[in-house]
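Read the structure below first, then the notes.
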């Protein structure tokens, strides 16, 4: 074990974020921290690295081990170039190399014992230099820079002139080159294109130390991690396996907890019915039995109802009008900005019902294509033709379709003046904006909140052709899954740009890869695209194996068991009804005897009284047996 968090507690104001959180990470283990937005993932990372203090609990790092941390946003103040900045990460190796060169010069002027002593130092330093990969540190720096998406032309750019995303990539490169024993990464894929993410996956998978990642990129997590640490309502739970394993186990646990609660609720209702029935028999012994059961019910350890995640968005997309079969036809499309040519003579078509993903590296022009289709940018050459009855709904990652000066309520009411206040408020509530939230200005919202407003407008548009630019940006995993389900059940057509490979894999029916200024089509999802691109597999679907004889035998056995169980259940139900009838008949006869014993012609007849009392005693004995039988059958 290299790192352990023990009983970590953290509260902001009156809101507990972490409650008695405990987990550990082994050497070389790759772990992910997951949870909805606001669950406390970044808070936990900051506590681990010492940027925040826990209210109680402790973080234990193995003696002599080092940690490195990459926060979501980086603002490096440096006059160095990108290449020089990453070289600083190997400052210890550079200093060692300089010392070796100095020793080489000094040894030229020494002899005897002094030379022998210096040779020993020189030999030791050379050995350490070799262990530190000193002979290849420059190529290592170049490899990391290229892996993170920097071209050789970028190497000479000053860090101070870079965008926030580029600075974050520089910081990530420096962290990887320092090679700490434990790397902590907060959303490391946010500013990387697909090829860079793939490179980072390989790098981290083969990394010699431990890695702890906070990320919403489920494909990335599936490739790398072997443990999931979940934060749910302040509680921390560890699951072995990747994200797919965790998701499956989580669903099974949720189902098991819900089933346990439902089963107990059924048992409670059943016991209450038994108690009511016993009381209805209105006999001293049956009433005592009812009271005994009531006491047992009061002592029952009640299972809490599993808490439903009520922070989920409620997204339903449905077109008002069905479009024609031909939705979009693009021919000869070209676009350049000055001397920078993005793409040339692009031709593609989209038909009704397709969900087409447009992928490619950063800067290839994917968003530009969407803007041209939406009329926000002019094309240099080419034509764009929409099909019959096509109505576009556009989701813009920069949210330019939102009006920054408006409130949320105004944004919806102005766009859809036919909606009443109740409909506007209920729509915004479905996207987690409630109460006074609806009067916040768009300019005051976070990126994720603006994304939710854009999705709300999209839902109301009832468009039959959705054009989406990075729709999963700023969404947590739960919200992404809601969007995926909505798109998969949508009967219209979808054309989108995304770097989220899991999202593409789940939703796309076709992929267009924008590479080297042209489009390469792939029929299928992201996994199929990878297979086809690598040309390792022909892509033909494999015919499933027929069921084995053992499986068939098990199926027959299951059917036979079910039939026997059904017969047994019917018999129990019939026996229960029969027993109830016997109890009812005996109780009616018992009541009739009581009525007879009040008559003068009976209670004055000693022989008749004795006969009736003997019958009454027999009925009481029979009823006791029947009550026990009824309770057993009722169970």
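Just checking, does region 455-472 include any residue being under 25 Å from the mean Cα position of the chain (by Cα), in a helix (DSSP H, G or I), farther than 17 Å from residue 401 by Cα and in the same structural domain as residue 347 (by TED's automatic domain parsing)?
no
Among the residues of region 473-495, what is the count of those that are outside any helix (DSSP H, G or I) and closer than 25 Å to residue 38 by Cα?
4
Matching residues to (1) modelled with pLDDT of 80 or more; (2) exposed (fewer than 10 other Cβ atoms within 10 Å of the Cβ); (3) within 23 Å of residue 282 (Cβ to Cβ):
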residue	(1), (2), (3)
563	no, no, no
566	no, no, no
572	yes, no, no
580	yes, no, yes
587	yes, no, yes
601	yes, yes, no
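Within region 11-44, which residues are touching a helix residue (DSSP H, G or I) at 6+ places or on another chain (Cβ under 6 Å) and at pLDDT 90 or above?
17, 30, 32, 33
Restricting to region 285-313, what's the tally of residues that are part of a helix (DSSP H, G or I) and at pLDDT 80 or above? It would help to see each step written out before you state the result.
The initial filter retains those residues of region 285-313 that are part of a helix (DSSP H, G or I), namely 285-298.
Next, only the ones that are at pLDDT 80 or above stay: 286-298.
Of the residues in that region, 13 qualify.
Against the definition (outside any helix (DSSP H, G or I) and surrounded by 12 or more Cβ atoms within 10 Å (Cβ to Cβ)), how does residue 165 come out, yes or no?
Here the answer is no, as residue 165 does not meet what is asked.
To keep it simple, each residue is scored yes or no on (1) under 12 Å from the mean Cα position of the chain (by Cα); (2) farther than 18 Å from residue 45 by Cα.
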| site | (1), (2) |
| --- | --- |
| 206 | no, yes |
| 209 | no, no |
| 225 | no, no |
| 230 | yes, no |
| 237 | no, no |
| 240 | no, yes |
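Please enumerate the residues belonging to region 263-279 that are surrounded by 13 or more Cβ atoms within 10 Å (Cβ to Cβ) and either farther than 13 Å from residue 291 by Cβ or modelled with pLDDT of 90 or more (or both).
Initially, region 263-279 is screened for residues surrounded by 13 or more Cβ atoms within 10 Å (Cβ to Cβ), giving 264-265, 267-268, 271-272, 274-275, 277-279.
Passing the criteria: 264, 265, 267, 268, 272, 277.
From (1) farther than 13 Å from residue 69 by Cβ; (2) crowded, with 16+ Cβ neighbours inside 10 Å, pick out the condition that doesn't hold for residue 171.
(1)
Taking residue 446, is it closer than 30 Å to residue 191 by Cα, surrounded by fewer than 15 Cβ atoms within 10 Å (Cβ to Cβ) and without any contact (Cβ under 8 Å) to a residue 40 or more places away in the chain?
Here the answer is yes, as residue 446 does meet what is asked.
Can you list residue pairs whose Cβ atoms sit under 7 Å apart, with the first residue in region 202-214 being touching a residue at least 40 places away in the same chain (Cβ under 8 Å) and the second being crowded, with 20+ Cβ neighbours inside 10 Å and in a loop (DSSP other than H, G, I, E, B)? Count only pairs 6 or more apart in sequence or on different chains.
213/188; 213/225
The values are calculated or read from the model by the stated rules, or taken from the named source; none is laboratory data. Because the structure is a prediction, the values reported are computed rather than measured. Reconstructed Cβ throughout: ideal geometry from the backbone, glycine too, with neighbour counts over all protein chains shown.
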